[in-house]
Amino acid sequence: MWSTISTWPFSLQAVEKASQILAAGGNAVDAAEQGIHLVESDPKVDSVARGGWLNAKGELELDAAMMHGGTLRVGCVAAVKGFEHPVTIARAVMEKSKHNILVGTGAEEFADKCGIERADEDRLIMPAARKLYEENLKKLEEEQEIVGHDTIGLIALDQSGNIVSATSTSGASMKTPGRVGDSPIIGSGFYAMNGAGACVATGLGEDIMRTCCSHRTVALMEAGLSPQEAADKVIYSATRAIIDAGYHCDCMAIVCMNGKGEIGASCNHQGFTYTYAHEGQEPTSVVVTPIIDIGGIPNETKHTC
């Protein structure tokens, strides 16, 4: 039994590719990496790699991660510039490095040593991203809110029973240079453990990190909850915890899968969609009804910097 699930409608192409690999008996690592490659290279996806959102200096800084549920090996990279496929660097860290996380120039030099191809700025930064950056500069001057933070997170379970989680993102639009969100942070943006399951998250990284959504979800599945029960419990409790502490809670969403290939998804806002496929099921997109809706929660206290 193979299965795969991923965040957002733009991941349909990734799920289709991962499905082909898994159905042919391929491994979960290849399925996750090659599926995410399609989204990283798609200039129409404005939150991942090529065509992604720029930071406050007009630079494209990318984060990515991968975890193998059988070995518990992890590879994470953050604030990487000049590469189209940060998920491939994350895989190399997982498989070839003694470390779990590499950032900035250290990650880039490691990628060079591994023979991973660089990409120039003209290919990576799209005119639409430049235009949005200029518009956002004006918004900052006028103290208007800047929105934009999505991630492709993909889970793959292969026919050998190995489960892998992987993520890739350009992070929050207009972020402070060097800012790292949840996507490359183990236990927050992703987690995987054979038998128990895997989880990936998307939304505002600061809130997801504060509540360690992905590890908590896998732990609940390991304890016997269904993927849907685990996902709903984590998103509801994380949202309430942040609000009850007196803070504004931003968007959070997760998708998860247990060791049997059963799936779940939950969110705290309108508009979240995931895609999935498994043996006997063609790639399909599903719109999620929020378990708790931050748009309808009154009396929030917004803390800003």
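The values are calculated or read from the model by the stated rules, or taken from the named source; none is laboratory data. Treat the numbers as computed from the prediction; the structure is a model and nothing was measured. Counting neighbours? That spans all protein chains shown, and the Cβs are built from the backbone with ideal geometry, glycine included. Accessible surface areas use protein heavy atoms only, side chains included; no ligands, DNA or RNA. Shrake-Rupley method; radii C 1.70, N 1.55, O 1.52, S 1.80 Å.
See the values below:
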{"item": "Residue that is more than 20 Å from I101 (Cα to Cα), open to solvent by 40 Å² or more (accessible area, probe 1.4 Å), in contact with a Lys or Arg (Cβ under 8 Å, 6 or more places away or on another chain) and modelled with pLDDT under 95, where the choices are E135, E145, E141", "result": "E145"}
{"item": "Restricting region 112-126 to residues that are more than 19 Å from D46 (Cβ to Cβ) and among the hydrophobic types (A, V, I, L, M, F, W, C), the residue that is surrounded by the fewest Cβ atoms within 10 Å (Cβ to Cβ)", "result": "C114"}
{"item": "Tally of residues being assigned to a loop (DSSP other than H, G, I, E, B) and in contact (Cβ under 8 Å) with a residue 40 or more places away in the chain across region 133-148", "result": "1"}
{"item": "Single residue of W2, W8, W53 found to be touching a residue at least 12 places away in the same chain (Cβ under 8 Å), at positive phi and open to solvent by 20 Å² or more (accessible area, probe 1.4 Å)", "result": "W8"}
{"item": "Looking only at region 167-211, and only at residues there that are out of contact with any strand residue (DSSP E or B) (no Cβ under 9 Å at 6 or more places or on another chain) and not charged (D, E, K, R), the one that is nearest to K260 (Cα to Cα)", "result": "G187"}
{"item": "Qualifying residue in region 234-252 (condition: closer than 24 Å to V15 by Cβ and touching a Gly at 6+ places or on another chain (Cβ under 7 Å))", "result": "yes"}
{"item": "Out of I21, I36, sole residue that is among the β-branched types (V, I, T), open to solvent by 10 Å² or more (accessible area, probe 1.4 Å) and either touching a helix residue (DSSP H, G or I) at 6+ places or on another chain (Cβ under 7 Å) or closer than 20 Å to G205 by Cβ (or both)", "result": "I21"}
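Let's see how each residue does on (1) polar (S, T, N, Q); (2) in contact with a Phe, Trp or Tyr (Cβ under 8 Å, 6 or more places away or on another chain); (3) open to solvent by 10 Å² or more (accessible area, probe 1.4 Å):
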residue: L220; (1), (2), (3): no, no, yes
residue: P227; (1), (2), (3): no, no, no
residue: Y236; (1), (2), (3): no, no, yes
residue: V255; (1), (2), (3): no, yes, no
residue: Q270; (1), (2), (3): yes, no, yes
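For every residue, the table says whether it meets (1) surrounded by fewer than 17 Cβ atoms within 10 Å (Cβ to Cβ); (2) more than 17 Å from K57 (Cα to Cα); (3) free of Cβ contacts under 8 Å to residues at least 12 places away in the same chain.
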site	(1), (2), (3)
F110	no, yes, no
A128	yes, no, no
K131	yes, no, yes
S160	yes, yes, no
